[in-house]
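Inspection log for the structure reproduced underneath, given as structure tokens.
Computed from the coordinates by the stated procedures, all read-outs in this text should not be read as laboratory data. Predicted model only: the values in this text are computed from it and were never measured. Here Cβ is always computed from backbone atoms with ideal geometry, including for glycine, and neighbour counts include all displayed protein chains.
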Amino acid sequence: MATVKQPLLQQVLRRKPVPAMTAEAGTDTEHGELARSIGLFQLSMFGIGATIGTGIFIVLTQAVPVAGPAVIWSFVLAGTVAGLTAICYAELASAVPVSGSSYSYAYATLGEGVAMVVAACLLLEYGVSAAAVAVGWSQYLNELLDNLFGFTIPENLSQAPEAGGIFNLPAVILVGLCALLLIRGASESAKVNAAMVMIKLGVLVLFVVLGLQGWSSDNLSDFTPFGLNGITSAAGIIFFSYIGLDAVSTAGEEVKNPRRTMPLAIIISLVVVTAVYVAVAIVAVAAQPVSAFDGQEAGLAAILEDVTGSTWPATVLAAGAVVSIFSVTLVVIYGQTRILFAMGRDGMIPPLFHRVNPKTMTPVPATIIVAVVVSLLAGVLPINFLAEMTSIGTLVAFLVVSVGVMVLRRTAPDLPRGFKVPGYPVTPILSIAGCFWIIKDLRAVTIYVFLIWASVALAWYFVYGIRHSELGKAK
């Protein structure tokens with residue numbers, strides 16, 4: 001069908017009707033292009049698995065020197081900001097239960113051009129963060145191998161060139177294993193992820209239980225040495241430990257009863273993650289003085305070694321980190337393939353990304369391409385560079401979701417919703433304000449990279465997407 005020419009601005013702002021999205025996804029018939037095999041527990045484990053990564057194992061060494069024992073309130077504050085956005089995600093996930101996360105939500109509320117920029121943000125967030133955590137995996141794997149067997153993988157094969165090595169082989173192996181699992185099937189991936197999440201939650205619970213033995217009220221006596229500014233500054237550092245809750249929204253077409261299951265899974269993930277983080281923070285700051293955190297390596301392991309007088313906790317926590325990072329990498333790569341799947345269906349990128357294997361019911365070509373790209377990033381780029389690239393894409397996606405809730409309330413007030421944001425419109429407005437609060441403290445180079453990346457995405461849209469848009473062909 002030939003594309004009917006529309007004014008350029010009208011093309012950029014055209015929105016995809018939600019009923020068309022849910023019809024493609026088989027939301028109401030339960031028969032879509034992907035297999036609906038993921039239940040509430042497994043989906044909740046997706047959110048928890050993508051969120052609890054290496055952050056909680058190391059963030060205290062950065063945050064406690066800034067806030068003191070009041071870092072406990074920093075975790076609550078960061079969790080509140082993340083929670084406001086998570087609640088907005090919950091409404092949109094129940095109203096637009098399809099693959100694609102913020103990309104699909106933007107397409108339904110703000111238009112095709114905005115959706116393309118949001119997609120670029122998501123691909124930056126998911127692709128780069130997958131590479132970053134894969135790089136971190138090789139470090140924890142070496143620590144675990146050293147503790148258990150007394151040997152490590154040579155630096156040449158476990159570090160990026162800029163970090164003194166030649167190629168980060170463990171990171172590439174990790175990405176390959178995740179890709180093979182995802183190609184096998186979403187249900188199998190969800191089961192493996194759930195098992196790994198339970199293991200890493202067990203490790204953190206072990207830290208809390210053993211760490212209580214070192215409780216000293218003296219360490220909490222000067223509770224707010226750096227005042228309110230210290231609490232808010234530390235919350236900005238901690239906020240990125242909550243990133244990952246949005247991974248739930250990428251699974252919209254593979255979830256049973258998505259209008260109910262998706263918002264519930266997002267809220268369960270938020271509650272569990274916040275509870276675990278706050279518990280770990282309370283025990284950590286009570287177990288050792290504030291001065292001990294500054295520059296402390298392997299923070300949680302060091303605390304347990306001091307409390308127990310033994311070195312075995314370092315081995316247990318290294319094992320927990322190895323499992324934790326595997327889980328994060330698996331869910332993040334999964335999320336990216338489903339965003340590409342939705343974009344391919346819409347004509348924003350080549351249809352190859354929309355191709356599904358009839359036997360496994362998974363987008364195999366998209367999974368292979370993502371694995372290759374992430375492997376190359378993880379193999380040759382240092383972790384610090386990769387980590388800096390994820391924040392801005394995440395925050396822009398969060399902003400769009402919060403705005404999207406308000407737009408959809410006006411444009412489609414009667415749309416079926418399995419969950420509605422409480423305290424509307426105050427909640428999404430506070431979410432937007434919270435995102436801007438975090439953005440203002442980002443480094444200038446991060447903003448510049450985002451602007452360049454967004455420009456590349458728009459260039460691609462005007463060269464390819466606007467001409468191949470399935471929505472445009474239907475006009």
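The phi-based Karplus calculation (6.51 cos²θ - 1.76 cosθ + 1.60; θ = phi - 60°) puts the 3J(HN,Hα) values of the range 279-296 at 4, 4, 5, 4, 5, 5, 6, 7, 8, 8, x, 4, 4, 6, 6, 4, x, 6 Hz, whole numbers, x for Gly and Pro. Cross-link pairs exceeding 25 Å in C-alpha to C-alpha distance, out of 191/359; 191/256; 16/420; 191/420, comprise 191/420. Over the range 1-143, consider all pairs of different Cα atoms and compute the Kirkwood hydrodynamic radius from their mean reciprocal separation; express it in Å, one decimal. Its Kirkwood hydrodynamic radius stands at 18.6 Å. Using all pairs of distinct alpha-carbon atoms, the Kirkwood hydrodynamic radius of the range 401-475 works out to 15.7 angstrom.
Working note: 222 nm ellipticity from helices only, DSSP H runs with n ≥ 4, each -39,500 (n - 2.57), summed and divided by the residues of the chain, gives -22000 deg cm²/dmol to the nearest 500. Summary of packing: across the peptides 271-282, 67-78, the per-residue average of other C-beta atoms within 10 Å ranks them, highest first, as 67-78, 271-282.
Computed from phi, the 3J(HN,Hα) profile of the range 241-255 under the Karplus parametrisation 6.51, -1.76, 1.60 (θ = phi - 60°) reads 6, 9, 5, x, 4, 5, 4, 4, 6, 7, 9, x, 9, 10, 10 Hz, with x in place of Gly and Pro. Taken one residue at a time, the phi angles of the range 224-232 give Karplus couplings (6.51, -1.76, 1.60, θ = phi - 60°) of 10, x, 10, x, 5, 4, x, 5, 5 Hz. Gly and Pro are set to x.
For the chain, what is the per residue volume of the convex hull drawn over the alpha-carbon atoms, in cubic angstrom?
135
Axis angle, to the nearest 10 degrees, between helix 364-380 and the longest C-alpha principal axis of the chain: 40 degrees. When only Cα pairs below 8 angstrom with a gap of at least 6 residues are kept, the chain shows a relative contact order of 34 percent. Relative contact order, whole percent, for the range 327-475 stands at 27, derived from Cα pairs under 8 Å and 6 or more residues apart. On the beta carbon distance between residue 156 and residue 467, with R0 = 45 Å, the FRET formula returns roughly 0.45.
Ranked from largest, the principal axis spans of the Cα set of the range 58-114 equal 45, 21, 17 Å.
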